[in-house]
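Here the structure is laid out as structure tokens; the discussion comes afterwards.
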Amino acid sequence: MRTLKIAAAALAVVVAAPAFAQDAPAAAPVETAPTAPDGSRAFGIEPYVGVMGGWEQFDNQPNHGIPRALNANGSLRNNYRLAGALVQGVVGVNVPLGPVFVGVEGNVIKGVSGNINWEYGAAGRFGVRAGDSGMFYGKVGYQWVEFDKFPAYTTGNRNDKKYDSITYGIGTEFGPKDIGLKGITGNAGFRIRAEVNTYSNFKSLRPMLGVITHF
């Protein structure tokens, strides 16, 4: 008889268990951390380095900041080129803030043709993050430019070959998923950068293209 009572009690517990489970309050949903459009962390620090190549053309106009290379008779000296191909190294840090980001960046540039010798500077960046590892940004900073030694006849100081001024630029970066490569490097890794900068009051135009490595 006691065995029957125990079996009946066990059966009652089994029958009542589903109903009790339905009456129990649902578990609170697990909160997930916010993410940027590419699925990476919305907030953090992203250091990067990169190599770029491009071209810069300085205006060769009177009273425009950069000395004009002239012949002895005052005519423009065409074989002195205030333009040329460049190789640039960059290093910087992005600080993601949800769908936007801010950052700082330094650069060193070496001229490989023409009479631009060295450039170096620093800039701040601000932009929006879009797609998979993509971003659009603007930048403003300060740039120093050193030309090769000017010929004997120039306007301004004949011995002065270094100049400095504010620089502005716009650009974009896009990662592997954005160009159809299935995100082979994930949320970090290589990104292609294209940007255009100008020196001072639009005294030069510098388009650049290269590869940036994010960590």
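The values are calculated or read from the model by the stated rules, or taken from the named source; none is laboratory data. Note that this is a predicted model, so its numbers are computed, not measured. In this analysis, Cβ positions are derived from the backbone assuming ideal geometry, glycine residues included, and neighbour counts consider all displayed protein chains. The accessibility values were calculated without ligands, DNA or RNA, using every heavy atom of the protein model including side chains. Shrake-Rupley method; radii C 1.70, N 1.55, O 1.52, S 1.80 Å.
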Q. Has region 61-71 got any residue that is in a loop (DSSP other than H, G, I, E, B), touching a Gly at 6+ places or on another chain (Cβ under 6 Å) and at pLDDT 75 or above?
A. no
Q) Any idea which of Gly189, Gly141, Gly180 is modelled with pLDDT under 90 and open to solvent by less than 20 Å² (accessible area, probe 1.4 Å)? A) Gly189
Q | Conditions (1) part of a strand (DSSP E or B); (2) surrounded by 14 or more Cβ atoms within 10 Å (Cβ to Cβ): number failed by Val108 | A | (2)
